[in-house]
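Okay, structure first, notes after.
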Amino acid sequence: VKRYLQESHPSVVWAASYAIARTRAPGGVRELIDLEASPSLRARQNPNRAADIPAPYTDELSGNQRTRAEIARGLAKSAAGDSLGVRAFSVLARLVGDVDPHVRINAVRSLGTYGAQAKASLIYATRDYDPNVRIAAAQSFGTVLSKDANDFPALWAADSSIVYRSSLLASAARAGLRPPELRQWASSPDWRLRAAVASATGDSLDRAF
């Protein structure tokens with residue numbers, strides 16, 4: 001698979017990066033890091049067309065965007081380990097500002113596997129213009145926040161949607177936090193808010209409010 005990363009055709013490079021990233025194989029991390037740094041992949045980003053990606057990945061723009069998305073997916077800490085973790089994290093911190101939202105979403109999800117060091121990048125992602133990126137960030141805070149964290153009010157204010165806030169509550173519960181919003185939602189007349197609390201606290205080791 002790795003030799004196909006050297007191909008010039010965007011669809012071939014994408015397919016090779018997908019094959020490596022889908023399993024988050026440690027053996028392919030170095031190749032994904034090197035691929036992200038290649039001029040051919042990084043030079044052809046067009047923010048005016050980022051939301052208009054044609055299929056089937058045959059042109060340079062769409063193929064490169066999807067390849068960067070696979071790179072972001074394949075650089076989770078479980079794959080990078082300690083030996084390549086620093087380099088992988090640096091790539092992800094860059095990809096969280098990519099022009100394409102699919103790349104940013106995958107970068108955010110992988111960053112969440114790095115624990116507390118990903119906190120600044122995830123906070124940055126909560127201010128993203130794309131709601132799906134903000135939701136991905138909210139879902140990724142579970143291993144990033146600490147029990148003595150005081151960032152929750154600002155994170156809560158970043159997006160008022162139920163999906164974002166319920167994801168953030170679930171992450172807070174996994175981190176051992178009990179923000180007052182948990183109790184407020186638990187007693188809400190809106191069944192969606194109560195259901196979100198049940199889901200969030202059911203995901204936690206400590207269910208007491």
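The values are calculated or read from the model by the stated rules, or taken from the named source; none is laboratory data. This structure is a prediction, so every number in the text was calculated from the model and none was measured. Cβ sites come from the backbone with ideal geometry, for glycine too, and all protein chains shown count toward neighbours. Ligands, DNA and RNA are excluded from the accessible area calculation, which covers all protein heavy atoms including side chains. Shrake-Rupley method; radii C 1.70, N 1.55, O 1.52, S 1.80 Å.
Observations
- In the context of the full protein assembly, ASP190 retains an accessible surface of approximately 40 Å², using a probe radius of 1.4 Å and ignoring ligands and nucleic acids.
- Taking label points 7 Å from Cα along the Cα-to-Cβ direction, ASP148 and GLN184 give a separation of 2.6 nm.
- Projected-area average for the range 66-174 over all orientations - Cα convex hull basis, square nanometres: 6.3
- The mean sequence separation of alpha-carbon pairs under 8 Å and at least six residues apart, normalised by the residue count of the range 139-209, gives a relative contact order of 35 percent.
- Global size of the range 138-209: 10.8, 31 Å for Rg and Dmax (C-alpha atoms, Rg to one decimal, Dmax whole).
- For the pair SER38 and ASP82, label points projected 7 Å from Cα toward Cβ lie 3.2 nm apart.
- TRP191-ILE123 pseudo-label distance in nm [points 7 Å out on the Cα-to-Cβ vector]: 3.9
- Of the chymotrypsin sites (Phe, Trp or Tyr not before Pro) in the range 97-140, the ones in a loop by DSSP (not H, G, I, E or B) with at most 12 other beta carbons within 10 Å are TYR129.
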